[in-house]
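Data block below; observations after.
The values are calculated or read from the model by the stated rules, or taken from the named source; none is laboratory data. Model, not experiment: these values are computed from the prediction. Positions of Cβ are generated from backbone atoms using ideal geometry, with glycine treated the same way; all protein chains shown enter the neighbour counts.
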Amino acid sequence: MEKNLDHLLSQKMLYSVPVWAHDKDTLTRLLQAFPNIQFVSLVGVDLRGNNTDEKIPISIMLDDVEAFLKLGVQTDGSSVMLHEIATLNNAKVDIIPDLEVNWYVDYNPDHHYEENGLPIGTLRIPAFLEHENTYVGSRGVLKRLELFFDTELKKTFAAHPEMLKSYGIGSVDDIEKVKLTAATELEFWVRTPQDRANIEKLSTSQTLKEQYWKRTKGSVRTALEETMMMLEYYGLEPEMGHKEVGGVTAKIGNTGKLDHVMEQLEIDWKYNTPMETADNEAFVRDIIEEVFEKYGLEVTFMAKPIEGVAGSGKHTHMGIGLSLKNGQFINLMTTPETDEYLSPAGWGCLMGLLENYEAINPFVTSTNDAFNRLKPGFEAPVCIVGSVGHTPQSPSRNRTVLVGLVRDMKNPLATRFELRAPNPLSNTYLYVAASYQMMLDGIKAVAAAGLTSKELEAEFSKGAGEEKFYLDDARMFRSEHDVFDDYTEIERNTLFSKPPATVWESLTIFREAADKREKLFRGNVFTEAIVHSYELATLDQWVSEISGRIIYQHMKLVRKTSKLHGLDYVTDIDVVNWEKINAIRYELMKDSLEKKAHLTQLREAVTDQDYARVSELQLYIAEQVNSLKQLYLQYRRNLLEEINGF
């Protein structure tokens, strides 16, 4: 350890503090050696994924390092989203440092330490939110999952030792630790400020695949390269940064630099434990924003920032391994047989994910923005269905399914599942915890059934209406076809179940799926209080966005779709088009004595807390708004004068 410490002390700037350095003496030496690290921040994560960030002078930590690491700091829980947990009359929440993950130093490039000229740093320590001696935040849920999964999987193997034979493991006692691994693919949009999106140009460019994997240029290239280098400094092991499918070619402005930048990018880095993967992703988002902003580029991690073109996803890879006492590492999902896709445990994971997805989805997709992305035609999954490939010998990737099997015939350790529904702002801690909880349920079911890999493949491949030992008899769970092109909407809804289209629909399905919801509570991973708090916070955000933002945006659009033609150069088509447009405008926004406009009805439904009606109106109004946009576009196209600003 002393050698490793000497290495850290020899650096000009300290970027990360590894787990082995989280003791009083080592921390004191490090912080005294880097006096430009002036602050410490304990990063707790509430149930909506919001991070705490407080500037505590590093001197307070150094005064009593042991007490700081054990007790952390106190905060007012009403400032974080812990609905009905941290109440007004019981708001004390402790933020407790996590000593078992890496810590990072966040530097401010605009503020320098006078004595050495280096940027001022803040030691960011991932932390748990504790209320009444219980971890109540997102990190606490995932921590309990990691511990419970290890214990329960070993119990399952002890009860069913035959599952270990294919791995060459004689006994569960040979297992040192169950190792969960996760990785996320982070997509985002960048643009130059104030530039408006031209939907037609973006849509055409996307259809022609003009941007995907293309060479980056100018400030985008520089920012992308600097971001990748920053990840390297922090030891996050970046693997790739590239253009995604969305975007248009930038132009050179009067300054000689590129402007009208509108591009979609993706950055990937190495897998890690679920906890560190979630921690790292939050930190990487901050790095991306700050680096790109330095070059005059705005970044958004919204799921669907531009209607009509590709949204941004966060495809999440999840694997399970066994670390043996003899030093060997085994991928739990891999089978030694070349004519099989997965081990029995691997089939159990896949079945558990899909069978119980109604209890996972609320943690994956929980905002209006997220649901805007999950629509047919944009490579975003809308159906609960999985794919394993066309043959075991030729791994393939189906981009239209919810869960896909990822395999590499040359690397048995690479076998894992890819969940394609998450978006950049999905709460990684919670949806990964929920996913592994259901994978564990599937493994237990498979262990009890005692079926072989071939028999499990046959089970997973059964059609709707066929009897199954674990999966829902009424549904089909495997498709190697294009889910969007090879099935009609009615067929998709019948075979794979109708997907929720709003936050309210998702929460309603979640509540109705009581048997699946109960599985979250096993091992106290999730608790009734936490799930209830999450539901309240999700509902509150959904309603607040509708009443405070979406209604206003719709009104602004209606007013913007004004009459453009006069008496000159007007045709009957112009008149008809405008009449159709105006009819929708009136229906959406204009009240009369006899009838209230739909936006008025939506506002009143929110006030009355009639959320089923809110959900119904939200979908109907969205359809009308889309029709209004399309009609207005057709109307403008027939005018001789070019009209800007829409």
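Of note:
- Those residues of segment 378-396 which are more than 20 Å from the chain's Cα centre (by Cα) and either touching a residue at least 12 places away in the same chain (Cβ under 8 Å) or closer than 22 Å to T502 by Cβ (or both), in sequence order: S387, V388, G389, H390, P392, Q393, P395, S396
- If only residues of segment 494-514 that are charged (D, E, K, R) and at pLDDT 95 or above are counted, the one that is farthest from L536 (Cα to Cα) is E512.
- V531 satisfies every condition listed in (1) surrounded by fewer than 17 Cβ atoms within 10 Å (Cβ to Cβ); (2) aliphatic (A, V, I, L, M); (3) part of a helix (DSSP H, G or I); (4) free of Cβ contacts under 8 Å to residues at least 40 places away in the same chain except (1).
- One residue from A345, A359 being within 24 Å of E535 (Cβ to Cβ) and at pLDDT 95 or above: A359
- Segment 106-133 - residue that is touching a residue at least 12 places away in the same chain (Cβ under 8 Å) and of a type in the set (S, T, N, Q) and, of those, surrounded by the most Cβ atoms within 10 Å (Cβ to Cβ): T122
Okay, residues lined up against (1) in contact with a helix residue (DSSP H, G or I) (Cβ under 7 Å, 6 or more places away or on another chain); (2) part of a strand (DSSP E or B):
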residue: E66; (1), (2): yes, no
residue: K70; (1), (2): no, no
residue: M81; (1), (2): yes, no
residue: I85; (1), (2): yes, no
residue: V105; (1), (2): no, yes
residue: E114; (1), (2): no, no
residue: G121; (1), (2): no, yes
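- Residue in segment 170-179 that is surrounded by 15 or more Cβ atoms within 10 Å (Cβ to Cβ), in the same structural domain as L30 (by TED's automatic domain parsing), of a type in the set (V, I, T) and under 21 Å from Q437 (Cβ atoms) present: no
- Test result for K410, out of contact with any Asp or Glu (no Cβ under 6 Å at 6 or more places or on another chain), at pLDDT below 95 and closer than 20 Å to L322 by Cα: yes
Table: residues versus (1) among the small types (G, A, S); (2) within 19 Å of T335 (Cβ to Cβ); (3) at pLDDT 95 or above; (4) within 26 Å of the chain's Cα centre (by Cα).
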{"position": "V446", "(1), (2), (3), (4)": "no, yes, yes, no"}
{"position": "F469", "(1), (2), (3), (4)": "no, no, yes, no"}
{"position": "M476", "(1), (2), (3), (4)": "no, no, yes, yes"}
{"position": "S479", "(1), (2), (3), (4)": "yes, no, yes, yes"}
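- Being in contact with a helix residue (DSSP H, G or I) (Cβ under 6 Å, 6 or more places away or on another chain) and either outside any helix (DSSP H, G or I) or of a type outside the set (S, T, N, Q) (or both) is a property that L425 lacks.
- Members of segment 319-331 that are surrounded by fewer than 24 Cβ atoms within 10 Å (Cβ to Cβ) and either touching a residue at least 24 places away in the same chain (Cβ under 8 Å) or within 18 Å of V401 (Cα to Cα) (or both): G319, G321, L322, S323, L324, K325, N326, F329, I330, N331
- Selection of segment 160-187 for residues being of a type in the set (K, R) and either in a strand (DSSP E or B) or under 30 Å from P238 (Cβ atoms) (or both) yields K177, K179.
- Among the candidates K154, K143, K217, K179, residue that is modelled with pLDDT under 95, at negative phi and not β-branched (V, I, T): K217
- Unmet requirement for E594, which otherwise passes all of (1) farther than 25 Å from L639 by Cα; (2) part of a helix (DSSP H, G or I); (3) without any contact (Cβ under 8 Å) to a residue 24 or more places away in the chain; (4) charged (D, E, K, R): (2)
- Residue-level check: of (1) out of contact with any His (no Cβ under 9 Å at 6 or more places or on another chain); (2) crowded, with 23+ Cβ neighbours inside 10 Å, E466 misses just (2).
- Qualifying residue in segment 34-54 (condition: touching a Leu at 6+ places or on another chain (Cβ under 9 Å), without any contact (Cβ under 8 Å) to a residue 40 or more places away in the chain and not in a loop (DSSP other than H, G, I, E, B)): no
- Only a single criterion out of (1) modelled with pLDDT of 95 or more; (2) surrounded by 15 or more Cβ atoms within 10 Å (Cβ to Cβ); (3) not basic (K, R) is not satisfied by F521, namely (2).
- Hits in segment 354-402 (condition: more than 30 Å from V614 (Cβ to Cβ), among the aliphatic types (A, V, I, L, M) and touching a helix residue (DSSP H, G or I) at 6+ places or on another chain (Cβ under 8 Å)): V388
The rows are residues; the columns are (1) part of a strand (DSSP E or B); (2) touching a Gly at 6+ places or on another chain (Cβ under 9 Å); (3) outside the structural domain of R478 (by TED's automatic domain parsing).
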residue: D268; (1), (2), (3): yes, yes, no
residue: I306; (1), (2), (3): no, yes, no
residue: G319; (1), (2), (3): yes, no, no
residue: E337; (1), (2), (3): no, no, no
residue: Y341; (1), (2), (3): no, yes, no
residue: F363; (1), (2), (3): no, no, no
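- The set of residues in segment 565-591 that are under 10 Å from Y635 (Cβ atoms) and surrounded by 14 or more Cβ atoms within 10 Å (Cβ to Cβ) comprises H565, D574, N577, W578, K580, I581.
- Unique residue being part of a loop (DSSP other than H, G, I, E, B), within 30 Å of A86 (Cα to Cα) and within 34 Å of the chain's Cα centre (by Cα) when the list is Q541, Q609: Q609
- Applying the condition of being of a type in the set (D, E, K, R) and over 15 Å from D63 (Cα atoms) to segment 1-53 and asking which residue is surrounded by the most Cβ atoms within 10 Å (Cβ to Cβ) yields D46.
- Selection count where residues are of a type in the set (S, T, Y) and over 41 Å from the mean Cα position of the chain (by Cα), scope segment 555-573: 2
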